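Asker: Next up is a structure, given as structure tokens.
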Amino acid sequence: MDTKNNLPPVKIAVLIDGGFFIKRFNSIYNKDRRMAGKEAAAYLYTFAHKHVGAGNVLYRIFYYDCIPFGKRMQNPISKRTIDYSKSEEFKFRTELIEELKLKRKVALRLGELRDNKNWVIHAKKVKELLAGKIEIKDLQPEDVTVDIRQKGIDMKIGVDIASLAFKRFVDRIVLVSGDADFVPAAKLARREGIDFILDPMFANIEQNLLEHIDGLDNKTIHIKS
């Protein structure tokens, strides 16, 4: 109990959109990509606990992500076969997930990656093609990527928010994301009396998402130099 204000502890669930977290984490703290997944997992755990604070209670940390893409695909430009299970991204994400499995009060919600068996041209290059600055023959192997999409992640987050709210498991939900698709879930939680906090990790977010939360709280992580 908060003895200063004589308030009972707040029970808090922290929900982390894994794809969003990794993107922001690398952008802010891991720009040279030298940190391994194990280190990222440790920072994620500390980051989540900062949203709980002293005197409150952590219900659980929910982490949502997909098992990383590890298939072999042939690049349509270079004609070389790429084994994505050997990539640094695969190693990083796999290690991150395995480390989180060992952490107390962490629940993993793993979805699937849908491989459409297609390759797409990066948006920047599409603009150059449409503007006539380059031609198809000018494209390089690194200008295309496999068309991969997450399946089931948004639904898992929405279901958990609804369950936490309806069953009154927590007093506060902290969502680490920047996706406006969660507006309906945020509105539902607030109608049920849940304090709904958003941490977009300093990313710009859409105005309609701001309208349906109870607070914006960007936490920082101290990274050792």
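The values are calculated or read from the model by the stated rules, or taken from the named source; none is laboratory data. All values derive from a computational prediction rather than experimental measurement. Note that we place each Cβ from the backbone using ideal geometry, even for glycine, and neighbour counts take in every protein chain shown. These area figures cover heavy atoms from the full protein model, side chains too; ligands, DNA and RNA do not enter into them. Shrake-Rupley method; radii C 1.70, N 1.55, O 1.52, S 1.80 Å.
Asker: Among the candidates 131, 185, which residue alone is open to solvent by 60 Å² or more (accessible area, probe 1.4 Å) and of a type in the set (A, V, I, L, M, F, W, C)?
Answerer: Only one candidate qualifies: 131.
Asker: Tally the residues that are among the hydrophobic types (A, V, I, L, M, F, W, C) and surrounded by 15 or more Cβ atoms within 10 Å (Cβ to Cβ), restricting the search to the stretch 159-168.
Answerer: Total satisfying the criteria: 4.
Asker: Residues that are acidic (Asp, Glu): find the helices (runs of 4 or more DSSP H) completely inside the stretch 1-110 holding 1 or more of those.
Answerer: 37-50, 88-100
Asker: Next up: Looking at the stretch 92-114 only, could you name the residues that are within 12 Å of residue 69 (Cβ to Cβ), out of contact with any Asp or Glu (no Cβ under 8 Å at 6 or more places or on another chain) and touching a residue at least 40 places away in the same chain (Cβ under 8 Å)?
Answerer: Matches in the stretch 92-114: 94, 112, 113.
Asker: Give the residue, chosen from 156, 151, 117, that is of a type outside the set (Gly, Ala, Ser) and on the phi > 0 side of the Ramachandran plot.
Answerer: Among 156, 151, 117, only 117 is of a type outside the set (Gly, Ala, Ser) and on the phi > 0 side of the Ramachandran plot.
Asker: Filter the stretch 21-52 down to the residues that are open to solvent by 40 Å² or more (accessible area, probe 1.4 Å) and closer than 30 Å to residue 166 by Cα and list them by number.
Answerer: If the condition is that a residue be open to solvent by 40 Å² or more (accessible area, probe 1.4 Å) and closer than 30 Å to residue 166 by Cα, then 45, 46, 49, 50 are the ones that fit.
Asker: Another question, then. Hand me the list of strands (runs of 3 or more DSSP E) wholly inside the stretch 142-225 holding 1 or more residues that are acidic (Asp, Glu) and in contact with a Ser or Thr (Cβ under 9 Å, 6 or more places away or on another chain).
Answerer: 195-199
Asker: Let me ask another. Between 156, 124, which is out of contact with any Pro (no Cβ under 6 Å at 6 or more places or on another chain), under 30 Å from residue 84 (Cβ atoms) and open to solvent by 80 Å² or more (accessible area, probe 1.4 Å)?
Answerer: 124
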